[in-house]
Each structure stands twice: as structure tokens, then as C-alpha cells.
There are 2 protein chains.
Amino acid sequence: MQMENMLAERTRRMGTNAIREILKVVARPGMVSLAGGIPAPESFPLDIIRELSDRVLAAHGTAALQYDVTEGFFPLRQALVEHLEKKGIQVTADEILVTSGSQGVLDAAGKILINRNDRVAVEAPTYLGALQAFAPYEPQYACLATDGEGLIPEAIEEELSRRPVRLVYLVPTFQNPTGRTLPLARRVEIARIIRKFNVLLVEDDPYSDLRYRGEHLPPIRKFAPEHVIYVSTLSKVFAPGLRIGFCVAPPAIRSWLVRVKQGVDLHTSSFNQALAAEYLSGGHLDRHLPGILSLYKPRQEAMLSALERYFPTDFSWSRPEGGMFIWAEGPETADIDTIYNNALARQTAFVPGKYFYPVPGPGQATMRLNYTMADEATIDRAIRTLGEVIRENLANA
Amino acid sequence: MQMENMLAERTRRMGTNAIREILKVVARPGMVSLAGGIPAPESFPLDIIRELSDRVLAAHGTAALQYDVTEGFFPLRQALVEHLEKKGIQVTADEILVTSGSQGVLDAAGKILINRNDRVAVEAPTYLGALQAFAPYEPQYACLATDGEGLIPEAIEEELSRRPVRLVYLVPTFQNPTGRTLPLARRVEIARIIRKFNVLLVEDDPYSDLRYRGEHLPPIRKFAPEHVIYVSTLSKVFAPGLRIGFCVAPPAIRSWLVRVKQGVDLHTSSFNQALAAEYLSGGHLDRHLPGILSLYKPRQEAMLSALERYFPTDFSWSRPEGGMFIWAEGPETADIDTIYNNALARQTAFVPGKYFYPVPGPGQATMRLNYTMADEATIDRAIRTLGEVIRENLANA
């Protein structure tokens, strides 16, 4: 039977998902991949999951297996209060919503806020998962200029003063894909601007716990609590497979997020929320996090020094103090598609940066490089290979 | 700040959720509630969860904690192939999509299929969770006439021949809220009709495993595989808190369900999917299910005989062979709102049936009675109380 005409218009208007195809290709056996964006399995607290599971069943019994309220398992929300306080966010358990990964907040926010053709302001490049969550609600994108320190405040003020924007979406710390971090002064300035124009900001903060150097920075929410939906996750510091995300939002917004989440999955897994509650309240995160940092820090340093050694001098790249990604940019003469294909032929993968732009065109000479999934020696070899492929390409340009 | 004007139009058009408020009220301590619709905690295989968890960690290690493909954890999809075969559905693992509860399928189906003001045909009364999942996509409802054997095929054929319908949603077995089950002949006839009009049916089948008497019936999908999105869940036979649902859909539809689910939660909890895979493939469901049936069967029988004893003769009710609900209907003179409030005053709760109609008006004299959450003695006492409250009300009518 003919299915296409059975689909809603929004579905027929959805584009393809290039990254997903890339990640399938690079999953081939033998491939050395800097393309992924996921935590290293050796970063998971596998050894204590059994202990956490026993504690959950002893402490909560069948309550951990039963339906629960959409807002989230209360002991987890209580534990998140303290977790958030360390990030400079002071809230009660009633102000927190637990979701199925931070993706769940992004979908719910898109659903309650975005009308078709509403304008959503995003950094360019930006996190693709957010674009994917918003896509069914069919926004138009206002792409905001960025530099080495992330979003340029003047860019957002100019955009907001020119045309109405439904919401702003930012990853202020160790951004995916660039690894860039907004300095404090820009956070304060952006908070002032969204308050001035009375626009909502979705502040996505999955990486700030993964800081290898420098000082922790307060979230933008701290300077505009009434205008920010603050989104975070335990996927990078506990286990992504458990799908535990959470958000803090203004009460009137949170109540709608709860309402639409109920229609999507009723609630996030009670059992996994109880595991997360034990992980946080039992002090396991505090004990386990240093191990994650000492796993990733040398990998990032290995990539940065390999880039110095092997990449041509007309390439530049970000030097983030944490997170999972480095963003490299070459001269206009660099043909990244050819470089990508030649690298694949040599069993080495990355993601061409152009795919992270909401509107195609820019970023033709950019690359996203992930360093969490490979050890230092492998990273050095992969960057050396990429350097060779790049030089060949530039020589033929 | 003023939030309302920040919301999308679809959000401002969403109605309130009466049932949710009712369930909050009846959660009061001391309340004897026949209002809920959830499994008894003593039906959960609590004693083997620890064993399943150990097996998952031994068999899959970090893979059970890592990100996974949106389609679902492969060992679970393999186990579901056999589970579905017992229901008369023959598919491969590649045709199955695992979701975060069956609610996840309903949201995804609404998202890919429903345009604003598209007509969705449903039984009246119907499952409220489906209406809640579809609500953000703003359908109009075509309410199909039902009788003691569920949907009347002529009603759907007449509806489809009159105006275009985007999809049909049915719970053919032990329906929520009525407990009614479509006989085989009607299943075959409805399959013929949806094929004839080339319309998609969402066949929601959460309860068919909970059969206390009679013969299992094949799903409608068996007679129209290319026109049915078959939806089911492990919530009633394993643990609802784990949020494991699944569906089988025509390939062109399934690929879109996968696509939009990726934007909603990336994938359903790997760890919980692995637990479910062990539960099914280890034969635990087959060993555990008889215990669930022997828990619920006497509760249902207690309610049916109490209704005979205590309810006035001008009340009638469904006599389902399984599931979780009985549907009672009184004479027009019965004022169910007053009966509901007087019952609450006597610490006894149920859900007035009128709330299960997509369009308000009908069902004013109906009641949904759940029998899975209370023991036989409590059920007998509750129905006696309701009988007394009803007689008082009818006497004053």
C-alpha cells in the first residue's frame, strides 16, 4: 500500500539525518572513530551498579517497579536539589522535572513552545539532537554568530531586536560540536538580553561536570531564573543507557512540560530514577567523577598535542577546558568531504562540521573531533592519519 | 513574567486533565480506591529482579549502560519475536520497535500521522492515555458506537465511507475503560473495512495476557498486517515502572516512528530493555504469569458477585473474561457526580465514566471499576458501599 500519503504534513517535510548515516558507516569493525559523541564504557560505574540495584530494591521495593508521578521519583528530585546547588542553582524538589534523557526536555519544550515557522535562535554550529527534537514542531532557525568564546552577545541582541524569536537554545559550556565555553561576562550579558526582550532560553548543560582545567562557571540561569529552562543529564557522569535527564523551569512552563511529558511516556523509568537517586545521595558520583576526569583528561591532551604535531599550520582548533569535543577549522581550500572519504579509506573517521549547522552552507572546512572513545595512542595515530590525509588534500588543491 | 503568551497555540488549546485530578484526590490515605488503573505491586516479580539484574550485567556488561540504537536493544527484540508469535503475530526482530511504554508508540504515531483537525476514529468511551498522546497534534475525534461486544463494525464502515479518517484507534481486548472484547467475527470484519478504505489502525493491546477465562483471540493485525500498528507493553505482566512498550508496524511507518522517537528520547533505557530480554528469554514470564492471573481472577470474581449482591437491578455491567476493569451503567436518573462525591465521603472511590469520552456528553450514568488494586474482602466492602450510595441517590431522584 502507498504509505506516504498517510503521513502528516510535518512528517513529509522532515529532512534526512546525515549524521545518523555517518555514525552507521563509522561503526564498521576496525574503524578508528573520532566521529562519535558518547562516553567511554570504561567510564561507567559498572562495579557499583549491582550494589545500587540491591539498595534500591531494599529501600523502595515494589515502588521502584510501579508507575510513578510524571514529575519524577521524589528521592531523585531530592538528590538533584543538592546536585544542582553545586552548579549554582538553588531550587526545591518541586521545581525539578526528571525526563528520559535531556532529549526528553528538548522534545517537551519544543512541543509546548514552538508553532510552525516560529523562529528559534541557535548557535551555528549547534547540537543536532536539539534540532531533531524541535524538527516536528517546524521552527525556522535564526543562526547566531559565534567566535572562539562561543555565542557573541551582540549577535543575539541584534537578532532579538530585529524580529520576534520564540526561544533561544544554547549549550554554554564545552559545547557540542565546538567544545567552546561562554566566559562569565558573556553569560551575564546574555542573561540581561533575554530578560530585556522577555524571551525564554533553553540552557543545555550536559558537559559542565567534565571539566579538566580551570574554574567552574555559573549557568546563565543564575542570572535570569525566570527566563531559563535549565537542562542537564546524568548520561555523561553515570550511565547514558539509563536515560536520566532533568530540568529546572519557571513554574508556569514546568507545569506544561510535565503535562506533555505525561502524554509521551507517563514518566521516566522508576527503577532507573531510583538507581540515580542512590548514585547521587550515596556520594557515588563524588567518588566516581574524578576517575572519569582522569580517563578523559589525558585523551584530550593527547589529541591537542597530536594536532600541534600533525595538523598543517593553516588549521586552527578549539582548546576546551573540558567536555568531549575539539573543533578544527581549515583554510577554504580544504575539501573536507574528500578528506573525510580518504580518511575512511584509511580506517579513520570524524564528522565533517558542516552537518552541525541548522541551515546548510557554512562550516565547509570544519571538523568535529571526539576524544572520549579512544585511548591516547589510538588518538595520536588517528590525528596523524588525518594530518597526512589533510596535507595530501591541500597539496592537490 | 507573563508566560501564557510564550506558549505555542497547540499548548493554549490543550484542555485540563480531569482524571489526573481525580487520581490525586483518591490517593488520600484511608481511601478504598477502585479508581486506579494500575497493576497490583504484589504482581511484580520482585524476587527475581536482582537475579535478572545480575544476569544482565554478566551477559552484557557496559552495553546495558551505554547508548543504544533507537529501534531497541537487539536481544529484547529477538525475545519479543517469540512473545509476539504466541499472540499470532509473526515478525522478525527488524520489524519491532521498542518504546518507553506503549505511550511512546501512541505519541510517535500521533506525531507522524496526525495533522491539526485530521479526524481520528475512536471507540466512545476510549483509553484516555491515547487521547493525551494525540492531543498535541490536535485531531478531531470521530466517536464510534460500541455495544457489549465493543466496537460495532457497521459504525466504523459508515464513518469511513462518510468522511476521510487519518487513523483508527482501538483497544480490542479487555478495553480500558469498559473491559469489553471484540469477538473474532468483528475483528475479521474490522480488518476487511480498514483494508477496503486503506486506513491505518492503531491496535492497542496491553491486556490480552491477563485472560482469566475463555480462549485467546488473534489480534486484528493478523487479518490486516499492512494496515495496523500493533502496540503492546510489558507493564501489566512484568513491571510498569521499567517503561517497556513495543510495536509492530508496516516498514514505511516504522521507519518514521523510529525517526521521531529518536528526537524524543534517543532510545528506551538499555538496562531496562536488557532486564526485559532476560525476563522473556529466560522463561520468567511464562513461569510468573500464572501467579498474576491467580491474583487478579478472584478479585474480578469478587467484584462481579458483589455487583450482583449490592447493585440495584436497574444497573448493568460488563463481565469481561480478563483485564483490569468492569464498566457499570445505571438508569438516566442516576446522578453519578453526586454518587461519586457521596462515595468519596465514605472513603470509597471510582472514576465516573463520562471522563472517558473524547467529546463530553455521553456516559453520564456510567462508572469504571478497577479490581486489580484491592483484595477480595476490600472489593466486596467497596461495592457494598457504592451500592448503598447508589440506592440513596436513586431514592432521592
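General remarks:
- Across B:LYS236, A:LYS86, the residue with the most accessible area heads the list, and the full order at a 1.4 Å probe is A:LYS86, B:LYS236.
- For region A:1-58 versus region A:68-127, the gap between their alpha-carbon centres in whole angstrom: 20
- Fraction of beta bridges assigned by DSSP in the protein assembly as shown that are antiparallel (%, nearest 5): 55
- Label points for A:ASN396 are taken 7 Å from Cα along Cα→Cβ. From this copy to the others they lie 8.9 nm apart, shortest first.
- Within straight-line cross-link reach of A:LYS297, aspartates and glutamates at Cα separation under 18 Å, skipping those fewer than 8 residues along the same chain: A:GLU42, A:ASP209, A:GLU215, A:ASP286, A:GLU308, A:GLU321, A:ASP375, A:GLU376, A:ASP380
- Across region B:31-45, coupling constants 3J(HN,Hα) worked out from phi with the 6.51/-1.76/1.60 Karplus curve, θ = phi - 60°, read 6, 8, 10, 9, 8, x, x, 10, x, 5, x, 5, 8, 7, x Hz, and Gly and Pro carry x.
- When the accessible areas of A alone and B alone are added and the area of the pair subtracted, with a 1.4 Å probe, the result is around 6900 Å², both sides summed.
- At R0 = 25 Å, FRET efficiency that the Cβ-Cβ distance of A:ARG162 and A:SER316 yields, to 0.05: 0.25
- Summing charges over neighbours of B:SER269, with a neighbour being any other residue whose Cβ is under 15 Å away from its Cβ, gives -2 when K and R count +1 and D and E count -1.
- Computed over protein heavy atoms with a 1.4 Å probe, the carbon and sulfur contribution to the accessible area of region B:47-285 reaches 50%.
- Mean separation of Cα contacts under 8 Å (6+ apart) over length of chain A, as relative contact order %: 23
- Computed label-point distance, nm, for sites B:LYS196 and B:ASP375 using a 7 Å Cα→Cβ extension: 5.2
- Label geometry 7 Å along the beta-carbon vector: B:ALA345 inter-copy distances in nm: 8.6
- The label-point distance for A:ASP147 and A:GLU332, in a model that sets each label 7 Å from Cα toward Cβ, rounds to 2.1 nm.
- Computed accessible area, A:GLU301, all protein chains, 1.4 angstrom probe, square angstrom: 70
- Think of each Lys and Arg Cβ as +1 and each Asp and Glu Cβ as -1; about the Cα centre, that makes the dipole of the protein assembly as shown roughly 660 debye.
- Heavy-atom accessible area with a 1.4 Å probe sorts B:ARG166, B:ARG346, largest first, into B:ARG346, B:ARG166.
- Per residue, the convex hull spanned by the Cα atoms of the protein assembly as shown amounts to 155 cubic angstrom.
- Residue among B:VAL122, B:PRO177, B:TYR279 farthest towards the positive dipole end of region B:47-285, charges placed on Cβ: B:VAL122
- Summary for A:ALA93: label point 7 Å along Cα→Cβ; distances to the equivalent points in the other copies, ascending, 4.0 nm.
- Ellipticity estimate at 222 nm from DSSP helix runs (n ≥ 4, -39,500 (n - 2.57)) divided over chain A, nearest 500: -13500 deg cm²/dmol
- In region B:50-82, the residues whose accessible area drops by at least 50 square angstrom when the other protein chains are added to the isolated chain are B:ARG50, B:LEU57, B:THR62, B:LEU65, B:GLN66, B:TYR67; the probe is 1.4 Å and only protein heavy atoms count.
- In this structure the amide hydrogen of B:TYR67, modeled in the peptide plane, comes within under 5 Å of the amide hydrogens of A:GLY241, none closer than 5 places in sequence on its chain.
- Residue-by-residue Karplus 3J(HN,Hα) for region A:64-81, coefficients 6.51, -1.76, 1.60, Hz, glycine and proline x: 6, 10, 8, 3, 9, 5, 4, 4, x, 4, 4, x, 5, 4, 5, 5, 5, 4
- Annotation note: GluC sites (Glu not before Pro) in region B:186-216 located in DSSP loop regions with a Cβ neighbour count of at most 13 within 10 Å are B:GLU215.
- Entry for chain A at q = 0.09, 0.11, 0.12, 0.14 Å⁻¹: log10 I(q)/I(0) = -0.55, -0.83, -0.99, -1.31, Debye formula applied to identical alpha-carbon scatterers, no solvent contribution.
- ³J(HN,Hα), Karplus 6.51/-1.76/1.60, whole Hz, each residue of region A:366-374, x for Gly, Pro: 10, 9, 9, 10, 9, 10, 8, 9, 10
- Solvent exposure of B:THR92, expressed as accessible area, is near 70 Å², computed with a probe of 1.4 Å over the protein chains only.
- Model label points for A:ALA345 and B:GLU215, set 7 angstrom from Cα along the Cα-to-Cβ axis, are 6.5 nm apart.
- Entries in B:LYS24/B:LYS354; A:LYS261/B:LYS24; B:LYS86/B:LYS236; B:LYS87/B:LYS222; A:LYS111/A:LYS261 that, when Cα-Cα distance is taken, lie over 20 Å: none
- Amide H contacts under 5 Å for B:VAL168, placed H, 5+ residues apart: B:ALA121, B:LEU200, B:LEU201, B:VAL202
- Computed magnitude of the charge dipole of chain B (debye, nearest 20; Cβ of K, R +1, Cβ of D, E -1): 500
- Only protein heavy atoms count here; under a 1.4 Å probe, A:ARG287 has an accessible surface of about 150 Å².
- DSSP-defined antiparallel bridges as percent of all bridges, region A:47-285, nearest 5: 40
- In region B:91-112, the residues whose accessible area drops by at least 40 square angstrom when the other protein chains are added to the isolated chain are B:GLN103, B:LYS111, B:ILE112; the probe is 1.4 Å and only protein heavy atoms count.
- Ranking by accessible area, most exposed first, for B:MET324, A:MET14 with a 1.4 Å probe: A:MET14, B:MET324
- Residue-normalised accessible area of chain B, given per residue in Å² at a 1.4 Å probe: 35
The values are calculated or read from the model by the stated rules, or taken from the named source; none is laboratory data. Just so we're clear, the structure is a prediction, and the values are computed from it rather than from any experiment. Heads up, the Cβs are rebuilt from the backbone with ideal geometry, glycines too, and the neighbour counts pull from every protein chain shown. The area values use the complete protein model at the heavy-atom level, side chains included, leaving out ligands, DNA and RNA. Shrake-Rupley method; radii C 1.70, N 1.55, O 1.52, S 1.80 Å.
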